[in-house]
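Q: Quick one: the structure is below, questions incoming.
Nothing in this text is a laboratory measurement; each read-out follows from the coordinates by a stated rule. From a predicted model like this one, the values you see are computed outputs, not experimental measurements. All Cβ positions, even for glycine, are placed from backbone atoms using ideal geometry, and neighbour counts span all protein chains on display.
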Amino acid sequence: MRLALLALRNLTRNRRRTAISLAVIATGTAALLLTAGFVAFSFEGLSEAMIHGGLGHLEVVRQSTADSHTATLERSVAEGLDDWEALQARIEALPGVRAAAPTLYAAGMASTASGKSAAFLGVAGDPVRERRMGFTLKLREGEALADAPPREGEDRVLLAKGLAESLGLRPGDRMTLLAVDPDGMLNALDAVVAGLVTTGVQELDTRYLKLHLASAQRLLGSSGASNLLVTLDRTDRTEVARAELLRLLAGHQPPLAVVPWTARAPFYGQVRALYKGIFAFLGSIVFALVVLATSNTLLMAVMERVREFGTLRALGTSISQVAGLVGLEALWLGLLGALLGDALGAVLIVVLNALAITMPPPPGAVDPIDLQVLFVPEAFAGTIVLMLVVLTLASAAPIVRVARLRIVEALTHT
Amino acid sequence: MENAPVFRARGLVKRYSMGDAVVDALRGVDLEVGAGEVVAVAGPSGSGKSTLLHLLGTLDEPDAGSLEVAGTAVAAMDERARTLFRRLRLGFVFQTFNLLPVLSAEENVELPLWLAGVGGRERRARAREALAEVGLGGRVGHRPDQLSGGERQRVAIARALVHRPLAVLADEPTGNLDSETAVAVMDLLTALNRSSGTAFVVCTHDPALIARAPRRVFLRDGRVVADERGAAA
């Protein structure tokens, strides 16, 4: 006979009360698991959306540009990479690199024959590379850009829906782009609207347009690229790949920086901090509820057994052993409740994912998302530890009560 | 102190506060109990029987007077020493049996041995032996709620004796039993006293039990008013 076994058996004395306590703990555990799984899904979804929405995992850019902390969409071709093709070949030779795509950013004024005009933020790239990298724009109307560089006079663009609406353009319409080249000269480029797209970000859709690298180079009178965006086979290799790239590009003139996607996406950090705050808040509520509910239950269980504790003390059980018995009963409750909660959480995750529930678009996004809850192994283990801590806290008051019992009074307790 | 009495009490005083009132439960009790003695402590309710038993069992401390158990002054023992003393040298039998409901008869009897650090195999063997001695060899696996009142008290007696204590202190051990079972339990205590040499101090106000005891100490208003030895008149 061991104290732990006696404690476990004591949980069978009042089965209904034990079942209610286990249900409280299991529900709290499952709630935390679902929240953790949803938060993990949100983090993963957001990070992958940002990486494949045009950030890439890593950006190779001039050190001076990186130091100036300009936003990615404002990377100037004047401070860009002239030898991007040679760099691209070296980078793509590295294992784990899916592709390295040149990008050129061009900001200016778009105008139509009817006299409408609007500011635009142009992002130019190589459609073949971007497809390989998983960069996806949702095509709403028309057709995508052709893979081959367009010939002069045959330039085509994709307009974000918001920009197209403000210009009154539809696929097939003509427009003119005006931008300042690196020498300060104003250049113009006539282009046909190939299709309408959405970026997934509402604010960006009012300014965004996409064009082929060759078209943007014509517009800006440059053969360079603002940067090289690098995507990897796995997001979790970002830091390793960054170190490899820094070694590979050491000594390059002008000096180059390798910027991870997180440094170019402050929004992601803010969202992550917000979600973590929400999770901590919810966790503290669950924590408090379980502590209060189980503390009361444990105290009731102790008060009903005062005479028994007196008997144990009379027979020579030490105060620490009796207190340990109460503490172990609490720990058993916590462990069993958390295990039940883990099982319940796993079932609920499977069921929720199978239901394929559609959620409204997150703030700033335009597309609804499918609710998915991820299995987070750390959360499954963490909730067990958490519930053991919770029940240890909950057992504090009952333990103090038992430790302070006077044997004679306990033996005559009714 | 080889030949020291199991208990030697001198001028024991115990007072309880009940609100503003102070109740003198014991007013200077002298009592000596030798090894292997069976003593019935008798008296009406409120005479101080249970209080005396609690002091002898080191469950409570006197307000005045001295108490030695097996030659050691209780006043010199700290809480831990008293706990160890009870664990190794004393056994208790209560009116309401006070068995642990989640343990079988055998496991209840094992409890003092487990506290004393006796290994599992020996513990089980001795518990079964003790249960056999009280006539419950066939009920070792039964839980208290599967036993009659008399059987439960016999399990409690086996628990009190299994670790071979110096003395067993029994507080109204037959109080919850019918008269026939009460007599059987008292006979059992007497027989076990003879076979084990353990001293028994039994608090009771049951005349049948008092009559069977070889020594009878009568309390009234917290004082010993008679201390009789030999067969009851």
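Q: When the dipole is taken about the Cα centre of the stretch A:100-182, and only Lys, Arg (+1) and Asp, Glu (-1) are charged at their Cβ, what size is it in debye, to the nearest 20? Could the numbers behind the result be given before it?
A: Details: 11 positive and 11 negative charges, 56 e Å.
In debye, rounded to 20, the stretch A:100-182 gives about 280.
Q: Give the Rg (one decimal place) followed by the Dmax (whole number) of chain A, computed from C-alpha coordinates and expressed in Å.
A: So, for chain A, Rg and Dmax equal 31.3, 103 Å respectively.
Q: I've got another one for you. Place +1 on the Cβ of every Lys and Arg and -1 on the Cβ of every Asp and Glu in the protein assembly as shown, take the dipole about the Cα centre, and give the residue among A:Val400, A:Leu228, A:Ala99 whose Cα lies farthest towards its positive end.
A: Checking the options against the dipole of the protein assembly as shown, the answer is A:Val400.
Q: Same structure again: Just from its helices, what would the mean residue ellipticity at 222 nm be for chain A, if runs of 4 or more DSSP H residues each count -39500 (n - 2.57) and the sum is divided by every residue, rounded to the nearest 500 deg cm²/dmol? Let's see the in-between values first.
A: Working: 14 runs with 207 residues, N = 414.
About -16500 deg cm²/dmol.
Q: Continuing with this model, one more query. Using a cut-off of 17 Å between alpha-carbon atoms, which aspartates and glutamates can reach A:Lys276, once sequence neighbours fewer than 8 places away in the same chain are excluded?
A: Straight-distance partners of A:Lys276: A:Glu44, A:Glu378.
Q: Another question, then. Using +1 at the Cβ of each Lys and Arg and -1 at the Cβ of each Asp and Glu in the stretch B:1-136, identify which of B:Leu55, B:Ser45, B:Leu84 lies farthest towards the dipole's positive end.
A: B:Leu84
Q: Under a straight-distance cross-link criterion of Cα-Cα below 30 Å, which lysines are reachable from A:Lys161, leaving out those fewer than 8 residues away in the same chain?
A: Answer for A:Lys161, where 30 Å is the Cα cut-off: A:Lys116, A:Lys138, A:Lys210, listed by chain and number.
Q: Given a 10 angstrom Cα cut-off, can you work out which residue in A:Leu55, A:Leu325, A:Leu196 is the most mobile in a GNM of chain A?
A: So, out of A:Leu55, A:Leu325, A:Leu196, the one fluctuating most is A:Leu325.
Q: Another question, then. With Kirkwood's inverse mean 1/r over C-alpha pairs for Rh, give me the Rg to Rh ratio of the stretch A:76-225, two decimals please.
A: Here Rg/Rh amounts to 0.97.
Q: Would you list B:Ile157, A:Ile384, A:Ile51 from fewest to most Cβ contacts within 10 Å?
A: A:Ile384, A:Ile51, B:Ile157
Q: What residue among B:Glu122, B:Glu107, B:Glu133 shows peak mean-square fluctuation when chain B is described by a Gaussian network model with Cα springs under 10 Å?
A: Per the Cα network of chain B with a 10 Å cutoff, B:Glu122 tops the list.
Q: Average projected area of the Cα convex hull of the stretch A:137-235, in nm²?
A: Averaged projected area of the stretch A:137-235's Cα convex hull equals 7.5 nm².
Q: Here's something else I'd like to know. Where both partners of a DSSP beta bridge lie in the stretch A:76-225, what percent of those bridges are antiparallel, to the nearest 5? Before the final figure, lay out each step's value.
A: Details: 27 of 37 bridges.
Close to 75 percent.
Q: Mind checking which lysines have their C-alpha under 26 Å from B:Lys49, skipping anything on the same chain fewer than 8 residues away?
A: List returned: B:Lys14.
Q: If you count the DSSP beta bridges with both ends in the protein assembly as shown, what percent of them are antiparallel, to the nearest 5?
A: Around 70 percent antiparallel, to the nearest 5.
Q: Only counting other Cβ atoms within 10 Å, I'd like B:Met186, A:Met387 sorted with the fewest neighbours first.
A: If I rank by nearby Cβ atoms, fewest first, I get B:Met186, A:Met387.
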